[in-house]
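The values are calculated or read from the model by the stated rules, or taken from the named source; none is laboratory data. Quantities reported herein were computed from a predicted structural model and do not represent experimental measurements. Glycine gets a Cβ as well: all are built from the backbone with ideal geometry, and neighbour counts include every protein chain shown. For accessibility, only protein heavy atoms count, side chains too; no ligands or nucleic acids. Shrake-Rupley method; radii C 1.70, N 1.55, O 1.52, S 1.80 Å.
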Amino acid sequence: MCIDCGCAQPHDHNHDHDHGHHDDAKTISIEQNLLAKNDMLAAANRERFSEANMLVLNLVSSPGSGKTTLLEKTLSDLKGEFSFAVLEGDQQTANDADRIAATGAPVHQINTGAGCHLDAHMVGHGVEHFDLGQTDILMIENVGNLVCPASFDLGEDLKVAVLSTTEGEDKPAKYPHMFRAAEVMIINKTDLLPHLDFDIEKCRRYALAVNPDLTIFELSCRSGEGLDAWYAWLAKQVGTKKKVI
Amino acid sequence: MTINPTEPYVHELGITQSIVDIAEQTASEQNAQKVLSVTVEIGDLSGVIADAVEFCFEACIQGTRLADSKLVIKRIPGHARCNDCGTEMEIDNMTFSCSTCGSYSLQRTRGEELNIKEVEIE
Ligand SMILES: Nc1nc2c(ncn2[C@@H]2O[C@H](COP(=O)(O)OP(=O)(O)OP(=O)(O)O)[C@@H](O)[C@H]2O)c(=O)[nH]1
Ligand SMILES: [Mg+2]
Ligand SMILES: [Zn+2]
């Protein structure tokens with residue numbers, strides 16, 4: 001039963017209109033934000049997450065930048081330190097969820113079908129599969145897409161935008177909405193830099209121009225280079241959650 | 001209409017669906033048979049493409065009380081104020097810096113709107 005969204009209730013239509021009567025046209029003023037419902041559900045999620053003192057990250061990127069690989073790495077390397085839970089958003093398959101399950105962490109797959117982003121409603125139900133009180137970090141892997149997930153608050157603490165060196169360094173300038181919405185940018189696949197003409201300094205400049213407060217990590221999930229700084233940052237974020245108690 | 005999930009319009013489809021849902025609900029509450037028009041406000045910095053909403057609207061209104069309705073989109077240009085020198089300026093999604101002093105610290109003041117404003121019913 002869904003308390004926040006009321007989705008278990010059948011839609012209540014009032015059908016006893018007076019069909020004989022014919023009103024003139026009238027204008028009804030509404031003034032409602034189109035994302036209001038999502039924002040309301042996101043706020044409810046956020047409250048549940050904060051009661052559980054859980055750090056919640058929303059991972060966003062273009063397809064194939066390495067979100068799942070980063071999660072696999074992080075979950076295996078920090079297994080002894082934190083307990084994780086993972087929500088996997090994908091349009092079709094459960095491949096990514098299977099990869100996460102192999103690390104031993106609890107994972108739940110959300111298939112969005114034609115939908116190109118996760119929304120707060122899906123996430124609210126998705127976390128029903130986890131014991132939030134026993135979870136330090138909830139990772140939400142959003143659908144690979146740099147446009148839509150920027151507008152849909154899930155109730156996360158922070159958005160982490162993952163960009164890989166095989167993409168153009170001008171991604172942050174082309175998708176400013178996403179890089180402005182994110183607090184963290186990870187430049188992944190630095191092991192490939194010698195083979196590419198990806199200009200990492202330029203990438204940083206573009207990103208900081210759209211969002212001067214962005215925290216940036218450069219790392220390679222393949223070689224492991226740069227992962228330590230990311231892990232240290234994660235530990236610090238978890239620390240601030242626990243201190244609030 | 002078949003929708004290709006890799007198409008960027010899918011985002012606007014979700015937004016458009018909420019427009020239609022809210023208008024339908026309002027019509028139902030008012031015991032109205034028909035929605036004649038729906039007015040929405042879409043800011044240029046909202047991340048939503050107004051043309052795409054228009055396109056999706058045609059598909060979403062089939063078989064609803066909005067079937068013959070008109071969608072009125074009021075676009076709102078982006079505006080920002082510079083936190084450093086106070087200049088007010090018009091901006092787009094690609095504007096990073098103040099047109100007067102070059103500062104990156106811009107406060108967006110208008111253009112992120114994404115609202116349904118009114119429905120005309122009968
Ligand atoms: N060379 C190199 N390859 C990487 C690195 N990280 C990930 N990859 C590869 O990039 C490909 C895509 O990685 P995924 O982790 O599946 O990417 P994703 O962002 O989860 O993809 P979607 O969920 O489909 O959006 C895989 O073949 C990975 O092995 C890296 O640091 N270096
Ligand atoms: Mg993945
Ligand atoms: Zn200025």
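Length gained on full extension, A:Asp213 to A:Glu47: 57.3 nm, using 0.36 nm per residue less the C-alpha separation.
If you roll a 1.4 angstrom probe over the protein chains with everything in place, what fraction of the accessible area of chain B belongs to carbon and sulfur, to the nearest %? Write down the numbers at each step before the final one.
Details: 2560 of 5890 Å².
Carbon plus sulfur share of accessible area: 44 percent.
The Rg/Rh ratio of chain B, with both radii computed over alpha carbons and Rh defined as the Kirkwood radius, is 1.11. Among the protein heavy atoms of the stretch A:30-74, carbon and sulfur supply 50% of the accessible surface, probe 1.4 Å, non-protein parts ignored.
If a/c stays under 1.5 just call it rounded; otherwise compare a/b with b/c (prolate if a/b is bigger, oblate if not). Do that for the stretch A:44-105, with a ≥ b ≥ c from the square roots of the Cα gyration tensor eigenvalues.
Working: a/c = 1.90, a/b = 1.26, b/c = 1.51.
Oblate.
Given the stretch A:113-207 reduced to its alpha-carbon atoms as identical point scatterers, what log10 I(q)/I(0) does the Debye formula return at q = 0.19 Å⁻¹? Scattering profile of the stretch A:113-207, log10 relative to I(0): -0.94.
Maximal additional length on extending the A:Ala36-A:His125 stretch stands at 30.2 nm, based on 0.36 nm per residue less the C-alpha distance. Peptide A:29-40 is shielded by partner chain Cβ atoms: per residue, an average of 6 of them sit within 10 Å of its Cβ.
Let me know the shape class of the stretch A:17-244, please: from the alpha-carbon gyration tensor, a ≥ b ≥ c as square roots of the eigenvalues, rounded when a/c is under 1.5, otherwise prolate if a/b is greater than b/c, or oblate. Prolate.
Shielding of peptide A:205-211 by partners, expressed as the average count of other chain Cβ atoms within 10 Å per residue Cβ, is 2. Counting Cβ atoms of other protein chains within 10 Å of each Cβ in B:113-121 and taking the mean gives 5. Overall, the anisotropy analysis places the stretch A:62-141 in the oblate class: the square-rooted eigenvalues a ≥ b ≥ c of its C-alpha gyration tensor yield a/c not less than 1.5, with a/b not exceeding b/c. Positive end of the dipole of the stretch A:17-244 (Cβ unit charges, origin at the Cα centre): among A:Ser62, A:Ala182, A:Cys203, the Cα lying farthest that way belongs to A:Cys203. Over the protein assembly as shown, accessible surface divided per residue gives 47 Å², non-protein components excluded, 1.4 Å probe.
Which of the peptides A:165-172, A:27-34 is most tightly packed, and how do the rest follow, going by the mean number of other Cβ atoms within 10 Å of each residue?
In descending order of packing, they fall as A:165-172, A:27-34.
Taking both sides together, the accessible area buried where B meets A is about 3100 Å² for a 1.4 Å probe.
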